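Written below as structure tokens is the structure these notes are about.
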Amino acid sequence: MFDEPPHYSYTLEPMPPSRLGRRWRWTLTRGDRLLAAGWRLSERAALHGIRTAAARAAHEAAGLRLLRPERVWPDPGFRAGMTAHLRAGSVACVLAPRELVVSAA
């Protein structure tokens, strides 16, 4: 669909403890535009939220609709703070931590 896959940046940070326990806040941006944000109860679930939001954004940029957001394949061993290539069907994108994107600019 694309000559080069779109690049998205993300942040992932712990929130202060609450009655629910530890929570993780995440955001997904492209340039200065906020595409999605939210929080989850675990770091793993927050990374899944980032992957799902990035897959939806990449599909929308290609003029497609993502049917199964839970079927998103990142690079093996995707962890917070690393750059990863994401593939969802025939659409791909690149996820990079926001700190790396800001410092590279």
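The values are calculated or read from the model by the stated rules, or taken from the named source; none is laboratory data. Note that this is a predicted model, so its numbers are computed, not measured. A quick note on method: Cβ atoms are made from the backbone with ideal geometry, for glycine too, and the neighbour counts reach across all protein chains shown. Keep in mind that these areas ignore ligands, DNA and RNA; they rest on the heavy atoms of the full protein, side chains included. Shrake-Rupley method; radii C 1.70, N 1.55, O 1.52, S 1.80 Å.
Summary of values
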quantity: Normalised contact order of the chain, rounded percent, pairs of Cα under 8 Å and 6 or more residues apart; calculated: 28
quantity: Apportionment of accessible area to carbon and sulfur, the chain, percent (1.4 Å); calculated: 51
quantity: Solvent exposure of region 1-69 as accessible area per residue, Å², 1.4 Å probe; calculated: 66
quantity: Candidates per trypsin sites (Lys or Arg not before Pro) in region 11-53, loop by DSSP, up to 15 other Cβ within 10 Å; calculated: Arg19
quantity: Sequence of Met82, Met15 when ordered by accessible area, the most exposed leading, probe 1.4 angstrom; calculated: Met82, Met15
quantity: Expected 222 nm ellipticity per residue - DSSP helices of 4 or more, -39500 (n - 2.57), all of the chain, to 500; calculated: -8000 deg cm²/dmol
quantity: Using θ = phi - 60° and Karplus 6.51 cos²θ - 1.76 cosθ + 1.60, couplings along region 51-65 (whole Hz; Gly, Pro as x); calculated: 4, 5, 5, 5, 5, 4, 5, 5, 5, 4, 5, 8, x, 10, 10
quantity: For the chain, alpha-carbon Rg and Dmax in angstrom; calculated: 13.6, 47
